[in-house]
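Presented below is the structure to which this report refers.
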Amino acid sequence: MFSSEAAETVSLSSVLVVENDTAMQERLRYILPTLGCDEPQITWADDAEMAMQLLEKPSFGVMLVDIGLPGDDAVELVEWLQAHHPQTPAVAISASRSEETIFSALRAGAVAYLLKERDDLELSIGLRSIEQGGATIDPAIARRVLAWHAGHAADPGSMPEAALTPQERKTLELVVQGLEHRDVAQALAMPRLAVECRIKGIYRKLALGSRAETAHMGGGHALAR
């Protein structure tokens, strides 16, 4: 049975926005106050280095980061945040539907992603879901997550902390079929928020599995100041 206690909520009372596109900055200046985060509560950074400096005094409820920053800076910033300030969740923002880029951000530890192509209302709904403890997922990314987990499931001893439950696999399979979240919720006879909280949990497992895989390989890299 789902309860509100199952949702790990995210505070939108103080937001760090790492975004160098002025048009998107203006959109967020409009959207965030509709969710209770007024301009004085929004801190802006143009790049990863500035964001890291601001995060030295961790007082943010969430970080919104444009994963279109130059090079791999955005993904590395998410990895750095996970390592140094894990209490501050990162939400990836994408200007494209590139599976590889978004998948990399989720593996790095982003708790969700938002597509810039969505209109303001859709972005607002996505942020509200994140605030309530959930997350959304695109069918293409759901397919990638299923494939990634299936590849590791062939090895019974491979990253058990990242293994999907039958319920989680079923949720992703329904998304892959093209069902909207409300339809997935109806098919599973559970609240929509419960579905989106489950998706957020899947993202967390993806990040855990990715870190375990990196540690096993003895490699990896991180953004350094």
Hey, among E100, E56, E131, which residue is open to solvent by 20 Å² or more (accessible area, probe 1.4 Å), under 29 Å from K170 (Cβ atoms) and free of Cβ contacts under 8 Å to residues at least 12 places away in the same chain?
E100
Do the conditions hold for A90, that is, is it open to solvent by less than 50 Å² (accessible area, probe 1.4 Å) and either in contact (Cβ under 8 Å) with a residue 40 or more places away in the chain or not β-branched (V, I, T) (or both)?
yes
So which residues in segment 1-21 are modelled with pLDDT under 90 and either basic (K, R) or in a loop (DSSP other than H, G, I, E, B) (or both), if there are any at all?
M1, F2, S3, A7, E8, T9
For segment 22-45: of the residues being exposed (fewer than 14 other Cβ atoms within 10 Å of the Cβ) and not in a helix (DSSP H, G or I), which is farthest from the chain's Cα centre (by Cα)?
D38
Take the residues of segment 68-87 that are outside any helix (DSSP H, G or I) and closer than 22 Å to R204 by Cβ: which is least open to solvent (accessible area, probe 1.4 Å)?
H85
Looking at this structure, is E100 among the charged types (D, E, K, R), at pLDDT below 90 and in a helix (DSSP H, G or I)?
yes
Among the residues of segment 192-206, write down those that are open to solvent by 20 Å² or more (accessible area, probe 1.4 Å), in contact with a His (Cβ under 9 Å, 6 or more places away or on another chain) and modelled with pLDDT under 90.
K205
Could you tell me whether segment 174-193 includes any residue that is at positive phi and touching a helix residue (DSSP H, G or I) at 6+ places or on another chain (Cβ under 9 Å)?
yes
Looking at this structure, is K170 assigned to a helix (DSSP H, G or I), within 25 Å of E8 (Cα to Cα), open to solvent by 70 Å² or more (accessible area, probe 1.4 Å) and at pLDDT 90 or above?
yes
Which condition does H149 not pass, out of (1) over 12 Å from the mean Cα position of the chain (by Cα); (2) under 23 Å from Q177 (Cα atoms); (3) without any contact (Cβ under 8 Å) to a residue 40 or more places away in the chain, if it passes all the others?
(3)
Of the conditions (1) surrounded by 15 or more Cβ atoms within 10 Å (Cβ to Cβ); (2) farther than 14 Å from L106 by Cα; (3) at pLDDT below 80, G209 fails just one. Which one is it?
(2)
Test: residue in segment 113-123 that is open to solvent by 20 Å² or more (accessible area, probe 1.4 Å), in contact with a Gly (Cβ under 8 Å, 6 or more places away or on another chain) and under 20 Å from Y203 (Cβ atoms):
yes
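The values are calculated or read from the model by the stated rules, or taken from the named source; none is laboratory data. Quick caveat, the model's predicted, so the values are computed rather than measured. We place every Cβ from the backbone using ideal geometry, glycine too, and count neighbours over all the protein chains shown. Please note that ligands, DNA and RNA were not included when accessible areas were found on the heavy atoms of the full protein model with its side chains. Shrake-Rupley method; radii C 1.70, N 1.55, O 1.52, S 1.80 Å.
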